[in-house]
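The structure appears right after this line, and notes come after that.
The values are calculated or read from the model by the stated rules, or taken from the named source; none is laboratory data. Predicted model, so just to flag it, every value in this text is computed and none were measured. Note that each Cβ is placed from the backbone with ideal geometry, even for glycine, and that neighbours are counted across all protein chains shown. Accessible surface areas use protein heavy atoms only, side chains included; no ligands, DNA or RNA. Shrake-Rupley method; radii C 1.70, N 1.55, O 1.52, S 1.80 Å.
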Amino acid sequence: MNMALFDRLSTVQADLLVAFVPSEGALSESAAWIDENTQGQISQLRETSVFKAGVGQTLLLPGVSQDFAQAVLLVGIGKDAALSDMQARKVIAAVAAQIKGLPFASVAIASGEVELKGRSPSDALALVAQWVNEGFYNFLGFKKDDAEKATKVTTIQLQGTDEAALAIGTATAKGSAFARQLGNLPGNVCTPSYLASKAQQLGEDYSIEVELLDETKMDELGMHCLLSVGRGSAQPSYLIVMHYRGGNEGEAPHVLLGKGITFDTGGISLKPGPKMDEMKYDMCGAASVFGTMKAICELKPNVNFTAVIAAAENMPSSRATKPGDIVKTMSGQTVEILNTDAEGRLVLCDALTYIERFKPKSVVDIATLTGACVVALGSVNSGMYANNDDLAAELKTASQTSADKIWQMPLDEEYQQQLDSNFADIGNIGGPEAGSVTAACFLSRFTGSYSWAHLDIAGTAWTGGAAKGASGRPVALLTRYLLNK
Ligand code: BES
Ligand code: MN
Ligand code: ZN
């Protein structure tokens, strides 16, 4: 999709104009123009309640004027002068859903007429650009009618002047589409080696350095805890490292670490059958790191950023790790694996130790770590944990700007004792209480010397039900966080 900006409505050229209509009061500039060209149709539509202009309601009007558009799409924005993030998202999603199926190549969206509560025009522009593009995402490649889903739209013009904001929104959407695609791919395609090949491809496409640590190399490094997770699988595990070097040479990087369990059966502690297919999404942390890497490579900011993916498949088999097995981590601490379904922390802990070698400025791990986080926060907020208040504040700021919500959760030392084990230095589960917190506590034992935060995205990385699909979160948050550096 080509993205461009226009400033004044009167100068724009497009096949389709998207105009925003408030449900009450004065018309917007675009709606007033249409009203004039149609003998007051918009006013009539509102008065007769044929088109009430409620938030996200749409109506297509062909042949309004040949001046600069063959057709106009009316989109309701309701009665409030400024929209909440939720309302604006709904409005923009409606715009994308409508225009992607229409036979027009160029579309101008009078997006200057959509004001977002508490946001500057530039920040609003970045979000609108992101959301419009996200609305064009389709999961392709596995159905026979895929070709029919291709959109005719090639260019979208948004209203505004800030090219940098447009670029941020567009790149974020590219990153989030990449993350969604990886997430939606089935477990028999998206294996740890597939993720490794995607890293190599990013390396070639954007000239970034990629290192792949295979099982032999990880064994030499003593990453037995990570390796214990993939032991039951025919698919080899990988630690994938990508270096984006846009900052000063030799300057310590910011590290993002993603949980890349390409399928989580639970292992010997087998999960129940219903909805187990959704455990193909257990690599969405990894996918969000890939997506952020893509967005950053597109935007080329002046920052050093290292992406690390801990990739494995969690399967039961005669070779698989069993409950009660004790493994030694790269850090030297031993872990009693009481439940093989608490595997995310087992791959992440060795990756957290490995990352020490980069002397990172900060480390943020992203993981679909616990069902307990879904119980606590649902699908609205990702859970955020941090051992450093400045880092927590930076993430909250980035979250606010990107409308990608997080909620800080506690890491009090009192929770740590839930991980005590009779037989090893630490157990891998903390009992039924505060499951998301004890998972974060487990990780915190491996973050010795650096500022660290953990995002539990178990509730936010995908939606289930009829609209099942990966969300692309938290690519927007992570991209903003790195851009703010
Ligand atoms: N990948 C799951 C967490 C998960 C479950 C995410 C459901 C999204 C939806 C993770 O590996 C897991 O199985 N966690 C266990 C931990 C427990 C055994 C301590 C859980 O949450 O049940
Ligand atoms: Mn699990
Ligand atoms: Zn898992």
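Can you tell me which residue in segment 276-302 is nearest to Ser193 (Cα to Cα), limited to those that are open to solvent by 10 Å² or more (accessible area, probe 1.4 Å) and within 12 Å of ligand 2 (Cβ to nearest atom)?
Once the filter is applied, the top-ranked residue is Met279.
When you scan segment 180-293 for strands (runs of 3 or more DSSP E) that lie fully inside it, which ones turn up with 2 or more residues that are modelled with pLDDT of 95 or more, among the aliphatic types (A, V, I, L, M) and out of contact with any Leu (no Cβ under 9 Å at 6 or more places or on another chain)?
254-264
Which of the residues spanning segment 361-381 are small (Gly, Ala, Ser), within 12 Å of ligand 1 (Cβ to nearest atom) and in contact with a helix residue (DSSP H, G or I) (Cβ under 9 Å, 6 or more places away or on another chain)?
Matches in segment 361-381: Ala367, Gly371, Ala372, Ala376.
Among the residues of segment 418-441, write down those that are hydrophobic (A, V, I, L, M, F, W, C) and over 24 Å from Thr292 (Cβ atoms).
Leu419, Phe423, Ala424, Ile426, Ile429, Ala434, Val437, Cys441
What number of residues within segment 431-472 are within 16 Å of ligand 3 (Cβ to nearest atom) and of a type in the set (Phe, Trp, Tyr)?
2
Of everything in segment 423-453 that's under 18 Å from Gly332 (Cα atoms) and within 11 Å of ligand 1 (Cβ to nearest atom), which residue is surrounded by the fewest Cβ atoms within 10 Å (Cβ to Cβ)?
That would be Gly427.
Looking at segment 185-204, I want the residues that are without any contact (Cβ under 8 Å) to a residue 60 or more places away in the chain and open to solvent by 40 Å² or more (accessible area, probe 1.4 Å) and have a partner that is among the hydrophobic types (A, V, I, L, M, F, W, C) and outside any loop (DSSP other than H, G, I, E, B) with Cβ atoms under 6 Å, at least 6 apart or on another chain. Which pairs are those?
Within 6 Å, the pairs are Gln200/Val210.
Looking only at segment 306-339, which residues are within 20 Å of Met283 (Cβ to Cβ) and either open to solvent by less than 10 Å² (accessible area, probe 1.4 Å) or in contact with a Leu (Cβ under 8 Å, 6 or more places away or on another chain) (or both)?
Correct list: Thr306, Ala307, Val308, Ile309, Ala310, Ala311, Ala312, Asn314, Pro316, Ala320.
Check segment 347-359 and report whether any residue there is assigned to a loop (DSSP other than H, G, I, E, B), away from ligand 2 (no atom under 16 Å from the Cβ) and either open to solvent by 40 Å² or more (accessible area, probe 1.4 Å) or within 26 Å of Arg245 (Cα to Cα) (or both).
Going through segment 347-359, the residues assigned to a loop (DSSP other than H, G, I, E, B) turn out to be 359.
Add one more test, that the residue is away from ligand 2 (no atom under 16 Å from the Cβ), and what stays is 359.
From the residues that got through so far, the ones that are either open to solvent by 40 Å² or more (accessible area, probe 1.4 Å) or within 26 Å of Arg245 (Cα to Cα) (or both) too are 359.
There is at least one residue in segment 347-359 that is assigned to a loop (DSSP other than H, G, I, E, B), away from ligand 2 (no atom under 16 Å from the Cβ) and either open to solvent by 40 Å² or more (accessible area, probe 1.4 Å) or within 26 Å of Arg245 (Cα to Cα) (or both).
All but one of (1) crowded, with 19+ Cβ neighbours inside 10 Å; (2) modelled with pLDDT under 95 hold for Gly112, so report the exception by its number.
(2)
Suppose we keep only residues that are under 19 Å from Lys485 (Cβ atoms) and open to solvent by 20 Å² or more (accessible area, probe 1.4 Å) within segment 248-275. Which one would you say is nearest to ligand 1 (Cβ to nearest atom)?
As a first pass, look at segment 248-275 and keep what is under 19 Å from Lys485 (Cβ atoms): 248-258.
Going one step further and asking which of them are open to solvent by 20 Å² or more (accessible area, probe 1.4 Å), we end up with 248-252.
Working: Asn248: 38, Glu249: 38, Gly250: 37, Glu251: 35, Ala252: 31 Å.
Only one residue fits best here, namely Ala252.
From Ala88, Ala96, which residue is over 24 Å from Thr11 (Cα atoms) and outside any loop (DSSP other than H, G, I, E, B)?
None of the others qualify; the one that does is Ala88.
Filter segment 371-422 down to the residues that are over 19 Å from Tyr281 (Cβ atoms), assigned to a helix (DSSP H, G or I) and open to solvent by less than 70 Å² (accessible area, probe 1.4 Å) and list them by number.
Passing the criteria: Leu391, Ala392, Ala393, Leu395, Ala398, Ser399, Thr401, Ser402, Tyr415, Gln416, Gln418, Leu419.
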